[in-house]
Amino acid sequence: MSKKIDLGVERDHIESLTKAGGVTAISELIWNSLDADSSVIEIETKRNKLDGIESITIKDNGHGIDYSKAQDVFGRLGGSQKKLSSTSPNGRHYHGKEGKGRYKSLALGDLVLFKSTYRNSDSFKQFTITLDRNNLSYSDFSELKTLPKEKGESGFEVLIQNVNQEYATEAIEIENRKDIEQKFASYWINYPDFTISFNGNRLEFESLIKHTDSTDFLIKKDDLSYRFDIKVIEWNFDIKKKTYLCNTKGVPFKEVNLGIRSTIPISIFIQSIYIEKLHRENTLDLQEMDELVQVAHDKAKIFAREYVRKRLHQYSGEFIKGLKDKGLYPYTDKADNLVEESKRQVFDIVALQVNEYLPDFEDQQDKSKKFTLTLIKEALEKDSNALRKILTEVIELPDDKREELVEILEETSLSSVIDTMTEIKNRLKFLNGLEELIYNKEENKNVLERKHLHKIITNETWIFGDEYTYGVDDVTLKNVLKEYLKHLGREDFVETVSEKENDQLQIIPDVCLWRQFPQGVPGHKTNLIVELKKPRVDAGPDELSQIKLYASRISKDRRFPKEKTKWKFLLVTKDIKSDIEYELEQTDRRYGHVIASDLVDVHVLTWGHIINEARTRFEYIKEKLNLNLMDNEKNLDYLKTKYREYLPKE
C-alpha cells in the first residue's frame, strides 16, 4: 500500500532547499549517486516536438537505498545515514551529510520521481518516492515490491518532469560541462573508478587536466595541529577559476573565488579534516571568520601564485629563445648567482605577457621591440615598483594583465629577492664609494659637510643602523636644536630647502642631521642627532666637549619629557686625535660610546668605523649570494652619479 509521509516542517523551509542553479542542482544529484558507490552515472534528456526538454533522467548503478532507510531520509529532514558516518559502504568519503540535496532536484522540475532498487537477501526490492512542488510537505511512497528472482540490479533513478526550461537547459548544455568536470576533478583523482555521461557523452577528467602540483602544511589551533593539503590543477581549457574547500579526499563542500589573478586556467583545492569538521558542524559558510581556514587560504594563494610564476616561466621558453636568436634579449652575460637568475625569470615572464597582450607588439620592428624589452630590464634592475610604472605608463599593458604580473611579483619570493638583493648591492656600492670619497685625498679636498656630505647622508641614514632607515620630522625638535647651536661653536642657522627626495628629512646645515623615531609606545620617541665634520677635520678635545655640552643642554630641555624621550648623539669625523682616544675605550660598553645613561647616549666614531659596521651587516648575505661588486673607481662613479648635484664639479 502506498503512503504519504509528513515531513513535519514548514513549507517555506522546504521551499528554500529547492533553490539552486541548474549546474548546482544536477551536481547534487551526481553527488548522491557517487555517495551510493556508483561506478556508472548516466544523465539522459527527452525532448518534445518543440525541442524543449520534456524530462531529465539520472540513473546510476549504486547500491540504492532500502525501504526503511528511505522513510528516514525522505520522511524527515536531516535523517540521512550520511550524518552517522563519513564514508560509504565501499569506503568513499561522503559529499552530503543531511540528505537535503535531493530537494535541489525540484529546481530542475516541479515533479520528481525517485526509484530505488536494492538487494535484499537473494532478491531485489524496488519502490518509488515522489516529490511534488505543489505539495512540498509530503513525500509519496509507493508499495515495496519484490522483483522476480534472477532479475533486477541495484541502482537509483531520478526522473524529473514538469521541467523548468531555464535551469534544465543550464544543467545539460555543453558549455557548462567544463564547470561540472571542474567540480568533480579532485574527487576523481582520489576515486577514478566512475564515469558520468550526458546523453551518451562521457565527461572527461584525465585528458582535461594539463598539470598538477601540491603541497601540505600543519596549522596549530589550541593544542591541536591540523594538516592541510593544497592541490593546484591546471586545465587544458578555460574555466571559472575557483577555490574549493574539501575534505581529505577532495570532496568539495564549498567553493569560493580563486583569490588570485591568473592567466593560466587553474583551480585550487584545499583539503583537510578540519574543513570536514566545519562542514559537519554547519559552520563552513562562515569560513571567512574562521582563522584556520583563512590562514590555509592565504598559504594556498601564495603556493598558487608561485605555481603560476613557474609555469609562465616554462611557457616563455620558446619565445625567449626566439628573442635570443634575433639578438633582442637584453641579458648578454650568463646568470652567475641567484639574483641574476631571478631577474631573468621575472623578465621572461613579463616579456611573454607583453608579447601576448600588448597590441601589435609582435608586429613591431626589432629596434622597437628591443627598446621595450630594455625598459623592462632596467625597471627590474631598480625594483618592482619601477616595473609597475613602466608597465603602466610606457608599455600600457591592459589593467588586468598588469595587475596579475605585479601580483605575481609582489606575492612570490622573486620580487623580495630581487628588491632586497638589489638594495644590498647598491648599499655596498654606496659604502665603498663613500669610503673612497672621504679617505682619498684627491677626492675629499673639495668636499664640505654642509654643501656636500650632509646632502648625501640625509638620503642614507641607514648607515647609522637599520632602525634609522625611516623617521619623522618634528618642529619642536628643530627649534630646540637651533636654540642651542652656540654650544657647537655656531650661531648661524641656514635651512636647506627640502628636495623632493628629501621630504621626510629636515637638515640643519653645518651642524647636524636629525630625525625622530617613535618607540612603539604612544608619546615615546628617540631623537637621533648626527654631527658631521668635513673630511679634513679630526675629532679632538674641542669637538668632544662641544658634542657633550650640546647633548647635555638639549636633553634637559623641558619641551621633551625625560620619561618619554631617548637621545642619541653621534659625532662622526675622518679620524680621532690621540688626546681623546682613552675616552672612547670604555670597559663597560662598545668603542666610541663616551656617555651612556637612560636618557642620553653620546658616540664619537670615525667614518671608517661607521662604514665598516654598515658593511658588515650586508657582507654575509653578499657572500652567500655571490654578488659581484665593482672596483673602487666604479663604486665612486656610482656615488657621483647618484648624487651628482650634491658633489663638487670635477
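In the stretch 206-301, the DSSP beta bridges split such that about 85 percent are antiparallel, to the nearest 5. Protection proxy ranking for 192-201, 245-254, 580-589, using the average of other Cβ atoms within 10 Å per residue and placing the highest first: 245-254, 192-201, 580-589. For the pair residue 135 and residue 68, a Förster radius of 30 Å applied to the C-beta separation gives a FRET efficiency near 0.85, rounded to the nearest 0.05. Rounded to 0.05, the FRET efficiency of the residue 564 and residue 216 pair, given R0 = 45 Å and the Cβ-Cβ distance, is 0.40.
Taking other Cβ atoms within 10 Å as a rough exposure proxy, 86, 139, 225 sort from fewest to most as 225, 86, 139.
Taking a ≥ b ≥ c as the square roots of the eigenvalues of the Cα gyration tensor, the stretch 3-172 is rounded, since a/c falls below 1.5. Computed 3J(HN,Hα) for the stretch 135-150, one whole-Hz value per residue from the Karplus formula 6.51 cos²θ - 1.76 cosθ + 1.60 where θ = phi - 60°, is 9, 6, 6, 10, 10, 8, 9, 7, 5, 7, 10, 9, 7, x, 4, 6, glycine and proline marked x. Spacing of the modelled spin labels on residue 147 and residue 19, each 7 Å from Cα toward Cβ, amounts to 3.9 nm.
Taking 0.36 nm per residue of sequence separation and subtracting the Cα-Cα distance, how much length would be gained by fully extending the chain between residue 399 and residue 57, in nm to one decimal?
118.6 nm
Take the Cα of residue 175, step 7 Å toward its Cβ, do the same at residue 333, and the gap between the two points is 5.5 nm. Arranged from fewest to most other beta-carbon atoms within 10 Å of their beta carbon, 334, 210, 343 become 334, 210, 343.
Every read-out reported here was derived from the displayed coordinates using simple, explicitly stated rules and does not represent laboratory data. Note that the structure is a prediction, hence the values are computed from the model and not measured. Reconstructed Cβ throughout: ideal geometry from the backbone, glycine too, with neighbour counts over all protein chains shown.
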